[in-house]
Amino acid sequence: MKRIKFLIIIILNIVFFSNTFADERNQQLDGLFKELKTGEMLSNLTIEQKIWKIWSTHPKDENLTKLLQNGSDLVSKKKFFESIDIFTKIINFDPSWAEAWNKRATVFYLIGEFQKSQNDIDKVLELENRHFGALAGQGLVNIKLKNYEKAIESYKRALEIYPTMQSPEIMIKQIEEIIKEELI
């Protein structure tokens, strides 16, 4: 009987502390996103790095964080299909981790699987609607799919979240030029 009570206490502690960590993580992200809207470009680069660090760290499992890094290392070595396998394993283990979906979406984009990339981006944004990286990626995907208005919309959404992010303004201008050229 003492063993059962002990196990129940351990399980309750795990649940409580993992929920507490998730709440702290979300509060930290909320604060960083508020700063991102009001900060200067230089300070926002530091804030952006903090956000990426949180996103790239699994909220409960250090091994998944390491696995995500291994997959990212494979991407940098252009071992795309191996990295897709790793990101897929992570997603199967924890489908609620937005960054695993984002990493796989990036690789799908790199290998020209634009619809698969878009599908993964949709999942990222469902899990973390403030993911400015996924929104920028969605813009790139929509350019490839020739959905120019959707691409512009994605970049505008990214700017709402991260007003000093430079790539959206550059990309919106380029897309507007593409639209003009196609009308001629």
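The values are calculated or read from the model by the stated rules, or taken from the named source; none is laboratory data. Small disclaimer: the values here were computed from a predicted structure and weren't measured. Because the Cβ atoms are built from the backbone with ideal geometry, glycine has one as well, and the counts that use them run over all protein chains shown.
One table, with the values for the structure above:
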| quantity | calculated |
| --- | --- |
| Pick from segment 127-145, criterion part of a helix (DSSP H, G or I) and among the polar types (S, T, N, Q), ranking: surrounded by the fewest Cβ atoms within 10 Å (Cβ to Cβ) | Asn142 |
| Checking Pro95 against (1) modelled with pLDDT of 90 or more; (2) in a helix (DSSP H, G or I); (3) under 23 Å from Glu128 (Cα atoms), the condition it does not meet | (2) |
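Quick grid of which residues meet (1) of a type in the set (Ser, Thr, Tyr); (2) under 30 Å from Lys156 (Cβ atoms); (3) in contact with a strand residue (DSSP E or B) (Cβ under 8 Å, 6 or more places away or on another chain); (4) modelled with pLDDT of 90 or more:
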| site | (1), (2), (3), (4) |
| --- | --- |
| Arg3 | no, no, no, no |
| Ile9 | no, no, no, no |
| Asp23 | no, no, no, no |
| Gln28 | no, yes, no, yes |
| Phe33 | no, yes, no, yes |
| Thr38 | yes, yes, no, no |
| Ser43 | yes, yes, no, no |
| Lys53 | no, yes, no, yes |
